[in-house]
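Report on the following structure.
Read-outs throughout are calculated quantities, based only on the coordinates presented, and are distinct from any laboratory measurement. It should be emphasised that the depicted structure is a prediction, and the values quoted were computed from it without experimental measurement.
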Amino acid sequence: MPRQTPPTHRLLRGRRAYVAGQDAEALAAEALTAEGWLILAQRCRTEAGEIDLIAEREGLLAFIEVKARPSLAEAAFALGPRQRARLIAAAEAWLADHPGHGAAGMRFDVMLVAADGTIRRIADSFRIEDS
């Protein structure tokens, strides 16, 4: 029987980050639902990339990137230009497959989740023309 090597530090760190990301997305989805948003998709995979959450309320469609970091300040700087471009492309792919949503408009939100569970949403955090 081959001897198994112990997981590397990097692999363990990646697993912890994955679980922390899932937990943060669940907290963000709960917060949105409490505010009357309907969650249309979680961890939605498109050919252009993944969208953490897609939600709609009163015809307003929001594509939401969830950022979990030790503090809200660290999370606020975690969405760079490449990620914004990926999110826009993924949103366009999702819209092509799901016409009829966003009658009242659409926006890109970022939800910041700190290690202590504090959540802050930056509504309409960027626009397509800004990216």
Length gained when the stretch His101-Arg57 is fully extended (0.36 nm per residue, less Cα-Cα span): 14.8 nm
Under the Karplus curve 6.51 cos²θ - 1.76 cosθ + 1.60, θ = phi - 60°, whole-Hz ³J(HN,Hα) for region 109-118, x wherever Gly or Pro sits: 10, 10, 10, 9, 10, 8, 4, 7, x, 5
